[in-house]
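Notes to accompany the following structure.
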Amino acid sequence: MSGSPVAGMMMAALLAATAAGAAPPLRLSPEVRAIESQRQEVIERVCRSTVAIFERSAGNGGSGVIISDDGLVVTNFHVTAPCGALMLCATSDGRVHDAVLLGLDPTGDIALVQLIGEGPFPAAEIGDSDTVAVGQPALVVGNPFLLAEDFRPTVTAGVISGVHRYQYPSGTLLEYADCLQTDAAINPGNSGGPLFDGSGRLIGINGRGSFEKRGRVNVGVGYAVSINQVMRFVPGLRAGRIADHAALGATVATRSGPQTIVTAIETASDAYRRGLRAGDEVVSVEGRDTPTANALLNAVGVLPAGWRTRIEYRRDGRLYEAEVRLRELHAPGELIAAVAEMTPEGDPPPEAPPEALYSQRDGYANYAANRDATERLVDACRVDSVVGAVDRRYADAAQGVGVQLRLTESSAEWLSPRGEYSCDPSRDLATQATPLAAPELLGSLWVWRTLAAGEAAVLDQVEALGALPWEALGEPHDVLAVTHHGLRVELYFEPQTGRLRGIEGSRDAALDATRVDLGAASQPGAPLSSMAITVGDRTFAELSPAEANP
Amino acid sequence: MRANHLLPLAALAVLGLSPPARATDAGGAPAASVVSNAQDAVVKLFGAGGVAGLEGYQTGVFIDDTGALLTIDSPVLDGGAVALVDALGDRYEGRVEGVDRLTGLALVRSESTEPPPAWIDLQPRDAPRRGERLWVLSNAFKIAAGAEPVTVQRARSAGVVAMPLAGGPLGGPNRPPIGAPAPGTPVLLLDAVTSNPGAGGGLVLDESGEAVGLVGAECRAESTGAWVNYALPTAAVAGALERLASGASAETGAEVANSSRRPFEEFGVFLIPEIMARTPAYVEGVAPGSAAETAGLRPDDLIVAVGGASTGALQAARRLAAESLRQTGAIELLVLREGEIVEIVLTQPR
């Protein structure tokens with residue numbers, strides 16, 4: 001069929017344009033050039049930190065993003081699940097790397113993976129997803145429909161369509177709290193890939209869309225897990241864990257106003273012990289206003305289990321404030337079962353990952369990663385001066401008395417005019433509640449001495465937990481968790497200095513823990529020089545070094 | 001308290017001014033404040049449905065301070081009453097006042113005694129330029145609950161065309177679609193996936209925050225399965241409001257089309273009679289000595305585009321011609337003659 005006259009006319013017009021090629025080239029204003037070259041630079045940069053993830057048999061796949069130059073990659077759990085422990089990650093320069101699974105967050109659908117090979121890797125710049133506003137430009141980069149055969153990722157552009165979205169759990173576990181919504185095209189294969197802002201800062205991990213009757217293709221409605229949530233979980237995932245999300249331990253409903261009202265609360269929750277009751281209005285959590293049930297689910301759902309936070313609540317017109325420790329969202333074993341269900345069974349991979357990088361143990365995504373992280377923290381516990389016994393004298397400002405603390409390999413003693421207490425660590429620690437007002441105190445201090453003296457091997461279980469704040473609204477600390485003879489002891493280390501900040505001992509999640517605050521200014525190498533000891537809202541002792549030993 | 005706080009804000013929205021960005025917009029694009037102002041006039045509608053693939057929710061936009069709002073006709077409005085959730089999260093009843101058959105728009109009145117948080121003046125304005133950047137706000141997929149702001153999408157105008165489809169998700173071969181504009185109605189095509197469950201009645205803005213249209217009902221071509229992403233431009237909205245006000249809400253599309261200006265006849269062009277909804281725009285005759293004859297138009301020419309916008313049906317050709325005449329004083333046509341496309345420009349003789 002011959003071309004229509006219209007097409008002919010267009011051809012003529014094109015040819016005329018070519019003939020007039022001698023005319024001066026189109027001049028762009030310097031401003032336009034600058035914006036365009038910046039845009040090109042951003043796209044170039046965001047592509048470099050995006051990876052394509054494949055099953056080793058090259059069946060399933062998805063996308064991911066490099067978040068540190070030593071090769072940590074964040075992706076979706078549902079992308080890594082069919083791959084098992086070992087997978088392939090392709091960078092945009094065309095190289096294919098082996099990669100090993102580190103940790104899993106099944107609730108947030110997040111997996112952390114370690115690239116194996118020569119670094120440094122081009123890490124994405126981490127943004128602050130809490131400051132993202134509706135209407136801002138957004139870039140989605142990834143491997144939709146597994147198109148990137150040369151591993152150059154696909155880039156789609158759009159805007160932020162919504163922030164603080166709450167997406168109800170789909171199926172059993174998956175919950176998208178406080179996620180970002182974008183109209184940049186997200187298709188199957190984009191899962192696990194990055195959402196960037198217009199400056200190329202990483203603000204989210206794409207993984208879900210509204211599809212319904214259009215089929216599984218982009219409809220201009222995609223969701224990304226906020227990067228702030230992801231980064232809170234990264235330390236725990238890096239430690240090889242299957243991480244759980246936080247829960248308040250209460251159910252809430254939105255009433256007109258709007259207000260968020262507690263409809264029921266578990267008596268075993270810390271929130272209950274700190275005074276929250278059914279009928280109270282929750283005003284804020286973690287410094288975020290919670291006028292609706294969705295807002296509360298958003299504020300809590302982005303936090304790892306065990307997170308210490310501040311809640312504000314109103315009763316009879318009066319505002320109360322409390323510091324609470326959030327519990328786990330899931331029952332013990334629930335996440336492990338879910339992970340097992342999604343992970344391929346039977347045949348071990350033909351090439352097993354090196355034992356140094358991966359080992360399997362029930363309850364962990366990668367036990368080798370946990371072992372390494374645990375070793376680092378156990379080393380940080382060592383105090384050269386603690387070789388044999390610890391024998392120190394303090395002044396207790398809370399009671400106005402002197403206290404002598406003695407910790408040895410086989411005992412812990414607290415001697416003061418108020419009373420003399422001791423515990424025998426060879427017996428069950430949970431039942432030796434002395435002193436009664438701080439039942440976990442002596443067991444916790446004995447655990448610390450054991451670690452400080454380099455005797456961790458005698459403890460039942462020692463493992464890196466991830467990062468949790470020692471104080472509500474404070475920065476997260478690296479946490480080492482010890483379980484020994486019925487007692488659970490957590491030690492909090494400042495991430496930059498490695499300095500021990502506090503020790504928390506508990507026997508039962510339904511009871512208040514004993515907290516030993518070593519102060520923000522304690523000297524490295526001389527921990528336990530000062531201690532503020534609290535149980536729930538009560539102060540048990542405030543110890544500072546005695547002026548001179550008598 | 002509410003009126004004091006909100007009325008000035010609403011007034012700003014109406015004037016298209018951008019008040020200082022809110023605290024939450026710190027660091028945001030200036031565009032974000034345009035969008036967040038308009039959010040206050042958008043309302044979430046909940047009504048019948050929620051079963052058998054029918055959504056029980058959609059979008060509406062307040063158009064004045066009395067609580068009148070426009071949305072699209074759909075099964076959600078069955079029963080004549082809907083639940084409204086405004087931008088503040090306040091919930092009240094709404095009553096359906098009328099439906100305009102030509103555009104598929106429905107007028108709903110809020111039963112609240114308070115003025116709405118904000119409203120949008122849907123004065124007719126020129127359609128956006130092709131390629132112009134637009135914002136689309138809608139309650140798509142019922143993502144936003146309570147006071148949460150609805151989904152914001154970016155789109156570009158792909159031009160104003162005559163509504164090509166008679167079908168829709170609910171319109172089988174023998175059943176007219178509910179809420180879809182009559183074929184030939186001028187609609188604003190969008191280049192983004194804006195036609196989603198619940199998006200109908202959503203607000204389309206230009207970059208300055210001025211309203212350019214309302215998202216139409218979901219429509220799907222029966223032959224290709226493609227969904228059309230489109231909005232009803234403000235001119236069509238104004239027409240719908242006029243008809244609704246005059247009580248002509250039951251008027252059919254053909255009646256409305258026939259009552260409007262007859263641009264072709266002014267140039268001496270006679271089209272074939274409109275015997276069915278999608279009558280093609282064939283030229284039946286050209287008056288001797290007329291401007292149309294001078295321009296080279298002949299009987300049996302089929303008009304396939306007017307003013308650069310393709311048109312499938314007679315009604316659309318008339319409407320676009322009237323629009324083109326009003327704007328430029330001329331009508332540019334592409335006609336199909338013996339398998340070839342011929343360009344004809346009708347200009348008024350001096």
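The values are calculated or read from the model by the stated rules, or taken from the named source; none is laboratory data. Fair warning: this is a prediction, and the values are worked out from it, not measured in the lab. For neighbour counting, all protein chains shown are included, and Cβ atoms are generated from backbone atoms with ideal geometry for every residue, glycine included.
Annotations
- Search result, residues across the stretch B:272-290 that are surrounded by fewer than 21 Cβ atoms within 10 Å (Cβ to Cβ), under 29 Å from B:ARG129 (Cα atoms) and aliphatic (A, V, I, L, M): B:ALA277
- Among the candidates A:GLU420, A:GLU440, residue that is modelled with pLDDT of 95 or more and more than 19 Å from A:VAL383 (Cβ to Cβ): A:GLU440
- Here B:GLY312 meets each of (1) in contact with a Ser or Thr (Cβ under 7 Å, 6 or more places away or on another chain); (2) part of a loop (DSSP other than H, G, I, E, B) with one exception, condition (1).
- So A:VAL302, is it more than 30 Å from A:LEU88 (Cα to Cα), more than 14 Å from every other protein chain (Cβ to nearest Cβ) and either more than 24 Å from the chain's Cα centre (by Cα) or surrounded by 19 or more Cβ atoms within 10 Å (Cβ to Cβ) (or both): no
- Count of the stretch B:132-164 residues which are within 14 Å of chain A (Cβ to nearest Cβ) and part of a loop (DSSP other than H, G, I, E, B): 9
- Residues that are over 24 Å from B:GLY89 (Cβ atoms) and not basic (Lys, Arg) are absent from the stretch B:107-119 altogether.
- Exactly one residue out of B:ARG95, B:ARG109, B:ARG125, B:ARG129 is away from chain A (no Cβ under 14 Å) and free of Cβ contacts under 8 Å to residues at least 24 places away in the same chain: that is B:ARG95.
- Output for the stretch A:289-299, where each listed residue is more than 16 Å from A:TYR320 (Cβ to Cβ) and within 12 Å of chain B (Cβ to nearest Cβ): A:PRO291, A:THR292, A:ALA293, A:ASN294, A:ALA295, A:LEU297, A:ASN298
- Single condition A:VAL74 does not satisfy, out of (1) over 16 Å from the mean Cα position of the chain (by Cα); (2) closer than 27 Å to A:TYR367 by Cα; (3) of a type in the set (A, V, I, L, M, F, W, C): (1)
- All conditions but one from (1) surrounded by fewer than 17 Cβ atoms within 10 Å (Cβ to Cβ); (2) at pLDDT 95 or above apply to A:GLY257; the one that does not is (2).
- Residue match in the stretch A:469-480 (condition: under 16 Å from A:TRP414 (Cβ atoms), buried (at least 18 other Cβ atoms within 10 Å of the Cβ) and in contact with a strand residue (DSSP E or B) (Cβ under 9 Å, 6 or more places away or on another chain)): no
- In the stretch A:96-149, the residues that are within 14 Å of another protein chain (Cβ to nearest Cβ), among the hydrophobic types (A, V, I, L, M, F, W, C), in contact with a helix residue (DSSP H, G or I) (Cβ under 9 Å, 6 or more places away or on another chain) and not in a strand (DSSP E or B): A:ALA133, A:VAL134
- So A:GLU31, is it under 40 Å from the mean Cα position of the chain (by Cα) and either among the aromatic types (Phe, Trp, Tyr) or modelled with pLDDT of 80 or more (or both): no
- Listed here are the strands (runs of 3 or more DSSP E) enclosed by the stretch A:150-223 that have at least 2 residues being more than 14 Å from chain B (Cβ to nearest Cβ) and modelled with pLDDT of 85 or more: A:154-170, A:194-197, A:201-209.
- Residue, nearest to the other protein chains (Cβ to nearest Cβ), within the stretch B:325-349, restricted to residues that are touching a residue at least 24 places away in the same chain (Cβ under 8 Å) and polar (S, T, N, Q): B:THR347
- Single unsatisfied condition, A:ILE67 versus (1) over 17 Å from A:ASP93 (Cβ atoms); (2) touching a Gly at 6+ places or on another chain (Cβ under 7 Å); (3) at pLDDT 95 or above: (2)
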